[in-house]
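**Q** Sending over a structure as structure tokens; questions will come in a sec.
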Number of protein chains: 2
Amino acid sequence: MIRKYTFGAPLPTDAVIQNLLAEKDSLPYFTVRYGEDGSVILSLPLHPEEVLFGLGQAVRGIDKRGHRYESWNSDVFNHTEERPSLYGSHNLLVFFSPDRLLGLYLDDPGKIIWDLGWEKHDEAVITSLSGNLDVYLIEEESLTGIARAFRQLTGRSYLPPRWAFGYIQSRWGYASEEEVRTVVNEHRKRHIPLDGVCLDIDYMVDFKNFTWKPDAFPDLKRFQDEMKADHLRLVPIIDAGIKVEEGYAPYDTGKAGDCFCKKEDGSDFVAAVWPGRCCFPDFLREDVRRWFGDLYRPLLEAGIEGFWNDMNEPALFYSDEGVADAFAAADKIRAGGVDYETTWWLKDVFSGMANSMDDYRRFYHLVDGKPVRHDLVHNLYGAGMTRATAEGFRRFSPDKRLLLFSRSSFIGAHRNGGIWQGDNFSWWSHLKMALQMLPSLNLCGFLFTGCDLGGFGCNVTEDLLERFLQLGVFTPLMRNHSALHTRDQEIYRFSIWETMRDTVSVRYALLPYLYSEFMKAALRDEMLFRPLAFDYSADQRAIHIQDQLMLGEDCMIAPVYEQNAAGRYVYLPEDMLFIRFRSAQDYDLQPLEKGDHWIDLALGEFPLFVKKNRAVPLCPGGESSELLDDTTFTLLGQIEQEGTLSLYRDDGTTTDPDLESSLTRIPLVPDKFLSRIVNA
Amino acid sequence: MIRKYTFGAPLPTDAVIQNLLAEKDSLPYFTVRYGEDGSVILSLPLHPEEVLFGLGQAVRGIDKRGHRYESWNSDVFNHTEERPSLYGSHNLLVFFSPDRLLGLYLDDPGKIIWDLGWEKHDEAVITSLSGNLDVYLIEEESLTGIARAFRQLTGRSYLPPRWAFGYIQSRWGYASEEEVRTVVNEHRKRHIPLDGVCLDIDYMVDFKNFTWKPDAFPDLKRFQDEMKADHLRLVPIIDAGIKVEEGYAPYDTGKAGDCFCKKEDGSDFVAAVWPGRCCFPDFLREDVRRWFGDLYRPLLEAGIEGFWNDMNEPALFYSDEGVADAFAAADKIRAGGVDYETTWWLKDVFSGMANSMDDYRRFYHLVDGKPVRHDLVHNLYGAGMTRATAEGFRRFSPDKRLLLFSRSSFIGAHRNGGIWQGDNFSWWSHLKMALQMLPSLNLCGFLFTGCDLGGFGCNVTEDLLERFLQLGVFTPLMRNHSALHTRDQEIYRFSIWETMRDTVSVRYALLPYLYSEFMKAALRDEMLFRPLAFDYSADQRAIHIQDQLMLGEDCMIAPVYEQNAAGRYVYLPEDMLFIRFRSAQDYDLQPLEKGDHWIDLALGEFPLFVKKNRAVPLCPGGESSELLDDTTFTLLGQIEQEGTLSLYRDDGTTTDPDLESSLTRIPLVPDKFLSRIVNA
């Protein structure tokens, strides 16, 4: 059951697809207070045992209790446990205690502060700064029921093409087709599977969206054709800002269509990002989305089938006004003579130029024809860009799914694209964070996701990349991505590349199965990755597990995320088959009983756990998702009762899938062997 | 066996107390290369199973493999896993593999880079930038043997007074005796044990060392007497820099004695820290140490018995030259027009003013009468300050131990004082880091240590403070400390203060025992906290354990360091008695067998593990270390064979302790009960 309660005058967000009537009585469960600044404050005592799920893209554990989060889409580069917000705002929180099972969704495009047992361990205090929002209460019989009801409220998750489940190599810095060709060849000659290469901003002319360097990419279509012949796709980046430059068509047409966000005086708001001074499309307008979505057309016509949208919080490096203010502040400090406090202010003055609240208050959107200051709808920007892109794709290619993933997002964007987990670091703690973020994102509808494997910032070590890849084997987006000026991070750069290749080989052996589990989850409005609590809600141990995830219908994952670890502990909520993978061909199988286990896992080894009477099918593998044989499988499972493994198999691109008709049913027959070859 | 190898012309460091002759043959084990810049590079292949212990104060795990560390004493405020160096440089590394047991100590006061399986997982590459150093190879039969041999090489660890094992409350901001009195009263009226209050820089006049605010502390001696009557000590801070101010005695006498570090032109080097522009005592000179050590005398005469030395890396906020350079760089950027790169430089320009290598190259020490540029001896500075202070204490109070702990340190400083673990944050990851740093510090001689419980920077939550306190129960320094502008962090500020009080009560019940174990470790040149590998070197599971520590002769600790955890896993390398503490009076006792266990530990519960046939004595407890009855104990243990518990009991202040004569021997008799009351 979902009930809606309206506070103030909410702005449209495009998050919800069901048009519910607001309840007339007051909001139950919560104490409601109104701040003098117009804010609405909801508070709720927490049960000592209460676990809180949700908030999508956020730091810390699966259980969100004990921190103060903010919904405020942020381009931040230091994802420590202190960080209140990341790139997306996903305002769903599920309260789960012996006394209560309650989903709370705040449909609010502005800043929200979530004090979840921070000030007091036994109280949640949630503040909508604007006070204009729809509050949805979701009550179902189970955690999964809440997840499903929320998805039905907000719409089916985005479906990527099947090739997007292949391994993708990416790096800020690839600047020519020759460089890309080298990267591809270094993979191919070592038989490291590969399905795509991302192009970061360096493929563009002066970082201008929808351009590509004519010398470096003299014939993009020919190059994409060459890649496709080798079963590979290029995935170029597109940023939010449009460079201010007369004669540059996206700027000229945007200007002609009056597509950009405005300052109070009606002039275009300008701030610098990669290309320098840019204007920012008002993605909240339908006409602007149409104009922007059509800008992808030249790239689509060159054969590109996948994109990533970046810088769409929107990130703002600085505005002219911000620079002037900063220098004025510095001049004042300088004139007054520096002391220890003012030297710190000097740093703050200049570091504060980026993504400043001053700038976010300097520009306006048109909502229903009326100007709305950006900060009141800030969290919608990235979702608007995603929507513009997805709508453009649908116009261009109505029958074929294209790959799209974004940095910034909001609930609703999950219908139009995936997201990556943002600009992480080559930190072991970020490997754990990536794991812990998966079920929260899934709960909020973002099924197609993954982190930058190996870490974006900082320098990776080979053991860390290997452990990242072991998580990546299971995430829908399996992308190795790193920043300019960091250590080269392609698998072939490392002495243990064969170990890494063998790890990627497992992904390809599992790819038909993982794709199938993804599609089932998406089409049934379910989660691919779930906290154990969702499946074993009466198991007091299981509900607190923070570093293991249920995967699809049959499996559990428990990656190693500690440096120099020789293994890890794992809690089995029921009897399972433990697969210790070394490669697609080399693995150990060991039935384990419900309970606690220490599992030895050397650097090149990683586990998968399969429920009893369920099985995981390994295909023979291959070097591209297009080269996989999905008719012959080795079934790994401990089968004591007859059953069925249903495998979703479509063409991998159809935009209108029918789940039931695309399921192949493979009988599971009792067997004393744990491994058995079958044809599907 | 210890062998010494000399490279170049090492500068004196005061680290080593044995005068070994350098070997004439070349350094075994390592490949030695010489860089064109004069550096010396030692490299060594690593065994796949090799574990690396040591490096004292550093981030990451007990096993230091897989990161690139730097020996470079740094005032840094963001102890992420990326951080190469913290406040102290402790250049001892122990290689431990099936093939090798080898201690490597580099007696080198300059920068060292330790690539420990970073570039390549199977190689260590260690670079002394100056190339002037003594290399010591330590070969013994066991890990503990190496620890002991190294201590004998570098001297016995500092002995604090017994009261320093009490709970100490600290906060940047306590600015008057009235404020301190309130803090004390809030503890006393709730019966939260307390032995001392630290005074941070706010007690001084304008942050000037050796002054105190006359209005806020009108009669310091009277106030300290009042506190002592309540069994409490004040512990004021002293910083490294001396404010440039004529008429201020420490400056005038330092100037008269020509005590300050000089620039190349012979003038005093000046840089700003808390008091503004300061000079920096040349602690490498004996006469300067004598002058500085005597500056503590007015505070000692007021009855102060403990100090903490801070800012002695030395931290430098900025120099006049650095500010001028920064503004010149900013002017140049401004004139050229900003772009995205230059706006980043602007931040770097101003944040780079603090602790800049340019400044560290701007001043000189006198070593044996000759000027030596600071950066070549940088890592000695804090140790020199500690030595100056300790020598001053010994002159003032030759028969009585005083409390001293420092932020910056170097091997050798462990003879003169303790250290705290530096300016950590209220982060869960820092609770784990604090645990993991303990054995590394102990190995390097720093036994009297502890972290800022609750975290210095950022805002603590009550669950985090409680879990921090649970670690602090066992650390010699048990101090709650926090920064200005963070959330109030005294126990009584929180709704669960009774739980926290009960946790501290366990410290006081254990205090006679913990003090005894500390003294035994110090006087026997052993470690109080050890990695499990030191006691169970043949146990393949034990050698990799990163989050449990052996404590003294009888125990093992395994704190909870994850938010919202309902317990934790623990590996028992032998049968042990599990004590689940809730308070000094309220605990569960459960014998557990060798192996893996999941232990339930609710928020107010924490474990201690006692070896079979050993026992831990709980005294009746009390609210100050001076009020404890150390003659009646409840022995907790699983005794199946006769044995002895030896308890070190002295007056808690004698400077020349005799271990054997101060040991009380309590017989352990076979007993079906796990708890038994005895008199000592």
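The values are calculated or read from the model by the stated rules, or taken from the named source; none is laboratory data. Remember, predicted model here, so these are calculated numbers, not experimental data. Here the Cβ is made from the backbone with ideal geometry for all residues, glycine too, and neighbour counts use every protein chain on show.
**Q** Given the condition part of a strand (DSSP E or B), in contact (Cβ under 8 Å) with a residue 40 or more places away in the chain and either closer than 24 Å to residue A:73 by Cβ or in contact with a Phe, Trp or Tyr (Cβ under 6 Å, 6 or more places away or on another chain) (or both), answer yes or no: does some residue in segment A:346-355 qualify?
**A** For segment A:346-355, residues part of a strand (DSSP E or B), in contact (Cβ under 8 Å) with a residue 40 or more places away in the chain and either closer than 24 Å to residue A:73 by Cβ or in contact with a Phe, Trp or Tyr (Cβ under 6 Å, 6 or more places away or on another chain) (or both): absent.
Conditions (1) touching a Phe, Trp or Tyr at 6+ places or on another chain (Cβ under 9 Å); (2) surrounded by fewer than 21 Cβ atoms within 10 Å (Cβ to Cβ); (3) over 30 Å from residue B:455 (Cα atoms), marked per residue:
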| position | (1), (2), (3) |
| --- | --- |
| A:10 | no, yes, yes |
| A:31 | no, yes, yes |
| A:43 | yes, yes, no |
| A:47 | yes, yes, no |
| A:70 | yes, yes, no |
| A:82 | yes, yes, no |
| A:92 | yes, no, yes |
| A:97 | no, yes, no |
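**Q** Checking the conditions here, which among B:462, B:466, B:490 is more than 14 Å from chain A (Cβ to nearest Cβ), modelled with pLDDT of 95 or more and out of contact with any Cys (no Cβ under 8 Å at 6 or more places or on another chain)?
**A** Exactly one residue qualifies, and that residue is B:490.
**Q** Can you say whether residue A:341 is farther than 30 Å from residue A:86 by Cβ, not assigned by TED's automatic domain parsing to the domain that holds residue A:77 and not polar (S, T, N, Q), as far as the supplied structure shows?
**A** Yes: the conditions hold for residue A:341.
**Q** Filtering segment B:338-363 down to residues that are more than 12 Å from residue A:318 (Cβ to Cβ), surrounded by fewer than 19 Cβ atoms within 10 Å (Cβ to Cβ) and at pLDDT below 95, which residue is nearest to the other protein chains (Cβ to nearest Cβ)?
**A** Among residues in segment B:338-363 that are more than 12 Å from residue A:318 (Cβ to Cβ), surrounded by fewer than 19 Cβ atoms within 10 Å (Cβ to Cβ) and at pLDDT below 95, the one nearest to the other protein chains (Cβ to nearest Cβ) is B:351.
**Q** Still on this model: For residue A:475, indicate whether it is over 24 Å from residue A:163 (Cα atoms) and not in a strand (DSSP E or B).
**A** It is false that residue A:475 is over 24 Å from residue A:163 (Cα atoms) and not in a strand (DSSP E or B).
**Q** In segment A:419-426, is there at least one residue being assigned to a strand (DSSP E or B), within 14 Å of chain B (Cβ to nearest Cβ), closer than 30 Å to residue B:60 by Cα and not acidic (Asp, Glu)?
**A** yes
**Q** Still on this structure, please answer the following. Mind counting the residues in segment B:526-545 that are charged (D, E, K, R) and surrounded by fewer than 19 Cβ atoms within 10 Å (Cβ to Cβ)?
**A** Total satisfying the criteria: 3.
**Q** Hey, residue B:413 hits all of (1) more than 18 Å from residue B:311 (Cα to Cα); (2) crowded, with 24+ Cβ neighbours inside 10 Å; (3) touching a strand residue (DSSP E or B) at 6+ places or on another chain (Cβ under 7 Å) but one; which does it fall short on?
**A** Unmet condition: (1).
**Q** Out of B:170, B:157, which single residue is assigned to a strand (DSSP E or B) and closer than 30 Å to residue B:483 by Cα?
**A** None of the others qualify; the one that does is B:170.
**Q** I'd like the residue in segment A:40-66 that is in a strand (DSSP E or B) and within 13 Å of chain B (Cβ to nearest Cβ) and, out of all such residues, is nearest to the chain's Cα centre (by Cα). Give the steps one after another, and end with the answer.
**A** Going through segment A:40-66, the residues in a strand (DSSP E or B) turn out to be A:40-45, A:51-54.
Checking the rest, the ones that are also within 13 Å of chain B (Cβ to nearest Cβ) come to A:45, A:51-53.
Working: A:45: 31, A:51: 23, A:52: 20, A:53: 17 Å.
Among those residues, the one meeting the criterion is A:53.
**Q** Keeping to segment A:99-120, report how many residues are surrounded by 19 or more Cβ atoms within 10 Å (Cβ to Cβ) and outside any strand (DSSP E or B).
**A** Total satisfying the criteria: 6.
**Q** Ok, one more. Restricting attention to segment A:273-311, which residues are of a type outside the set (Phe, Trp, Tyr), under 24 Å from residue A:171 (Cβ atoms) and touching an Asp or Glu at 6+ places or on another chain (Cβ under 8 Å)?
**A** Matches in segment A:273-311: A:273, A:275, A:276, A:303, A:309, A:310, A:311.
**Q** Taking the criterion of being within 14 Å of chain B (Cβ to nearest Cβ) and either surrounded by fewer than 21 Cβ atoms within 10 Å (Cβ to Cβ) or touching a residue at least 40 places away in the same chain (Cβ under 8 Å) (or both), would at least one residue in segment A:277-294 satisfy it?
**A** For segment A:277-294, residues within 14 Å of chain B (Cβ to nearest Cβ) and either surrounded by fewer than 21 Cβ atoms within 10 Å (Cβ to Cβ) or touching a residue at least 40 places away in the same chain (Cβ under 8 Å) (or both): present.
**Q** Being in a strand (DSSP E or B), within 16 Å of residue A:165 (Cα to Cα) and either in contact (Cβ under 8 Å) with a residue 12 or more places away in the chain or away from chain B (no Cβ under 12 Å) (or both), is that true of even one residue in segment A:507-525? Explain how you work it out, then say what you get.
**A** Initial filter on segment A:507-525 (in a strand (DSSP E or B)): none.
No, the conditions are met nowhere in segment A:507-525.
**Q** Turning to a different aspect of this structure: Taking residue B:419 and the conditions (1) crowded, with 22+ Cβ neighbours inside 10 Å; (2) farther than 29 Å from residue A:429 by Cα; (3) out of contact with any helix residue (DSSP H, G or I) (no Cβ under 7 Å at 6 or more places or on another chain); (4) among the aliphatic types (A, V, I, L, M), which numbered condition does it fall short on, given that it satisfies the others?
**A** Condition not satisfied by residue B:419: (2).
**Q** If residue A:432 passes every condition in (1) buried (at least 24 other Cβ atoms within 10 Å of the Cβ); (2) assigned to a helix (DSSP H, G or I) but one, which one does it miss?
**A** For residue A:432, the failing item is (1).
**Q** Follow-up question, since we're still on this one. Got a sec? Which strands (runs of 3 or more DSSP E) wholly within segment A:527-611 have at least 2 residues that are touching a strand residue (DSSP E or B) at 6+ places or on another chain (Cβ under 9 Å), away from chain B (no Cβ under 14 Å) and touching a residue at least 12 places away in the same chain (Cβ under 8 Å)?
**A** The strands (runs of 3 or more DSSP E) meeting that bar are A:549-551, A:555-557, A:576-581, A:587-592, A:606-611.
**Q** Just a yes or no: is a residue in segment B:372-390 within 14 Å of chain A (Cβ to nearest Cβ) and modelled with pLDDT of 95 or more?
**A** No; the residues of segment B:372-390 include none that is within 14 Å of chain A (Cβ to nearest Cβ) and modelled with pLDDT of 95 or more.
**Q** In segment A:482-493, which residue that is of a type outside the set (S, T, N, Q) and surrounded by fewer than 24 Cβ atoms within 10 Å (Cβ to Cβ) is nearest to residue A:195 (Cα to Cα)?
**A** Top of the filtered list is A:490.
**Q** Among the residues of segment B:375-391, is there at least one that is aliphatic (A, V, I, L, M), surrounded by fewer than 21 Cβ atoms within 10 Å (Cβ to Cβ), touching a His at 6+ places or on another chain (Cβ under 8 Å) and closer than 24 Å to residue B:273 by Cα?
**A** Looking for residues that are aliphatic (A, V, I, L, M), surrounded by fewer than 21 Cβ atoms within 10 Å (Cβ to Cβ), touching a His at 6+ places or on another chain (Cβ under 8 Å) and closer than 24 Å to residue B:273 by Cα, one finds none in segment B:375-391, hence no.
The rows are residues; the columns are (1) within 14 Å of another protein chain (Cβ to nearest Cβ); (2) free of Cβ contacts under 8 Å to residues at least 60 places away in the same chain; (3) farther than 30 Å from residue B:372 by Cβ.
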{"position": "B:80", "(1), (2), (3)": "yes, yes, yes"}
{"position": "B:86", "(1), (2), (3)": "no, no, no"}
{"position": "B:93", "(1), (2), (3)": "no, yes, no"}
{"position": "B:98", "(1), (2), (3)": "yes, yes, yes"}
{"position": "B:117", "(1), (2), (3)": "yes, no, yes"}
{"position": "B:127", "(1), (2), (3)": "no, no, no"}
{"position": "B:141", "(1), (2), (3)": "no, yes, yes"}
{"position": "B:146", "(1), (2), (3)": "no, yes, yes"}
{"position": "B:166", "(1), (2), (3)": "no, no, yes"}
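Residue-wise test of (1) over 28 Å from residue B:655 (Cβ atoms); (2) in contact with a Gly (Cβ under 8 Å, 6 or more places away or on another chain).
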{"residue": "B:421", "(1), (2)": "no, yes"}
{"residue": "B:436", "(1), (2)": "yes, yes"}
{"residue": "B:445", "(1), (2)": "no, yes"}
{"residue": "B:449", "(1), (2)": "no, yes"}
{"residue": "B:459", "(1), (2)": "yes, no"}
{"residue": "B:470", "(1), (2)": "yes, no"}
{"residue": "B:475", "(1), (2)": "no, yes"}
{"residue": "B:478", "(1), (2)": "no, yes"}
{"residue": "B:485", "(1), (2)": "yes, no"}
